[in-house]
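The values are calculated or read from the model by the stated rules, or taken from the named source; none is laboratory data. What you see is a predicted model; the values in this text were computed from it and never measured. Note: ideal-geometry Cβ built from the backbone for every residue, glycine included; neighbour counts use all protein chains shown. For accessibility, only protein heavy atoms count, side chains too; no ligands or nucleic acids. Shrake-Rupley method; radii C 1.70, N 1.55, O 1.52, S 1.80 Å.
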Amino acid sequence: MNKPLAAALACMASVAYADQQPADFRYRAAVIAQEGESHYRLSVPAAVYAGVERRDLGDLRVLNAAGEAVPYAFLPRAPGEPGPVQTKTAKLFPLYGEEAKGLDGVKLDVVRGTGGTVIRLAAEPKGTKRGRKLLGYLIDAGELDLGIEAMTLDWQTGAGFNGTARVDASDDLLRWTTVVGEAPVLVLEHFGERLERKRLELQGRKAKFFRISFSRVPDDLVLKGVQLEMRGERVEPAREWRRVTGAPVPGKRSEYLFDTGGKFPVDRLRLVLPQQNTVARVELLARDRDDAQWRPAGAASVFRLHRDGAPVTSPDARVVPTADRQWLLRVDERGGGLGAGELALDFGWLPHEMVFAARGVGPFILAYGSKLAKPEALQIGAVVPDYREGKVLAARRATLGESMGPARALPSLADPLGLLRALLDSGDGKKWALWIALGAGVLAVAWMALRLLRDLGRGSPPPEGKRRE
């Protein structure tokens, strides 16, 4: 291709991508919010995920009434609310032994029977009871489903102190692991004021038994009770769900295809089985487009049972968050597969939260759906200067109106850059780009052929000796 012509085409293409206009986005939705605030916050709805062109939501723009893009950022994903706090009063047993041997020298007998577990000190040889000293305490936590976040001590002493506590954990009273090495414990008094530190952090440790010992505390210190603090499972934020019916793969008995219809950040899956009392093993694969390779997304045992008069279904499957649109389900045929009937898959995701600065005059719109757009989201600290994690965000909640595609006429030949933008942003943008390149090549060859014919038509001048007089 002629170099000047190629350079011109490349320049036109780069300008088409860089000089983006509001009309380059296929969809728009009005931002509905009370006016007069500096920042607004909104959740990305399902319609936006169904219309964006980029997996990273890079073709989102917030525009003011003048069509100008305003700064926006995505909020960091919230891990969910902490679960409720639960407390339990543990059983407490003093441990006596020889100070030189320490707690490891205290032998415990464990007797298990139908009535429960009995714990007692092992029989000591005669003459060893002399010099016995209170070395610590054994704490029976019992059977717990949750890890212990902390224990609060209740003690009695006649003097103040500044000491340390050590906590070990075990499930069989034979093998012990240190959980807390030297946690500070203290009682301080001054002019009628009293300061106590009696809470020990265990970081969610789960064990049946604990033992606690003290250093640099008064001899008259007596531990009267221990309160265990557990925290329930973290309450995850609410997810959006989208149900898709599976299409059997032609020629494959136990394979089904699902199309989410958009670029949803899926992280949970829920298989809706067609028949009751079904148990099967399934494998899930995903990809973004037809010409991509399938990649493994997970495997699980799924079931739908009717037990004791109530339905019992398999839990939601966790997957690494992905915006892949196409999913393939393969069913292990051993055991008969899934049986006849319609198979569906529920896709769950956490919607993105975005914040934008209300620069300019409203109303504001959210524009999306452009193959030309490049990511323009900023870091949250650049949009909200005083943002701090855990701090209440100073942004008013907004919602989006119904999404609609703007009515756009194809630009005329008088606007070549607009025409090029529209063609590249169309559904067949790659095909149009190939046709444009091919047409440009044909024009370049034709131009060179015409130039060659013109030069040949002029002819070369006759030799000097053969000129007519």
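In summary, strands (runs of 3 or more DSSP E) completely within the stretch 224-325 and bearing 3 or more residues that are touching a residue at least 60 places away in the same chain (Cβ under 8 Å) and surrounded by 15 or more Cβ atoms within 10 Å (Cβ to Cβ) occur at 240-245, 255-259, 266-272. Just to be sure before I move on: is Leu135 open to solvent by less than 40 Å² (accessible area, probe 1.4 Å) and either over 26 Å from Ala100 (Cα atoms) or not in a strand (DSSP E or B) (or both) in the structure I sent? Here the answer is no, as Leu135 does not meet what is asked. Looking only at the stretch 225-280, filter to residues that are of a type in the set (Lys, Arg) and modelled with pLDDT under 90; which one of those is nearest to Val319 (Cα to Cα)? Per the stated criteria, the residue is Arg234. Taking the conditions exactly as written (modelled with pLDDT of 90 or more and acidic (Asp, Glu)), does Asp220 satisfy them or not? Judged against the criteria, Asp220 is not a match. For the stretch 351-362, the set of residues classified as at pLDDT 90 or above and open to solvent by 80 Å² or more (accessible area, probe 1.4 Å) consists of Arg359 only. Restricting the search to strands (runs of 3 or more DSSP E) fully inside the stretch 344-386 and requiring at least 1 residues that are of a type in the set (D, E, K, R) gives 344-349, 353-357.
As for the stretch 316-334, it holds at least one residue that is out of contact with any Asp or Glu (no Cβ under 9 Å at 6 or more places or on another chain) and at pLDDT 90 or above.
Applying the set (1) surrounded by fewer than 17 Cβ atoms within 10 Å (Cβ to Cβ); (2) over 24 Å from Lys88 (Cα atoms) to Gly204 leaves exactly one unmet item: (2).
Matching residues to (1) of a type in the set (A, V, I, L, M, F, W, C); (2) modelled with pLDDT of 85 or more; (3) under 27 Å from the mean Cα position of the chain (by Cα); (4) open to solvent by 30 Å² or more (accessible area, probe 1.4 Å):
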residue	(1), (2), (3), (4)
Ala344	yes, yes, yes, no
Trp349	yes, yes, yes, no
Tyr368	no, yes, yes, no
Ile380	yes, yes, yes, no
Leu410	yes, no, no, yes
Trp435	yes, no, no, yes
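For first residues located in the stretch 28-43 and more than 14 Å from Ala394 (Cβ to Cβ), partners that are open to solvent by 70 Å² or more (accessible area, probe 1.4 Å) and part of a loop (DSSP other than H, G, I, E, B) and lie 6+ apart or on another chain with Cβ distances below 7 Å form the pairs Ala29/Glu402; Ala30/Pro363; Val31/Pro363.
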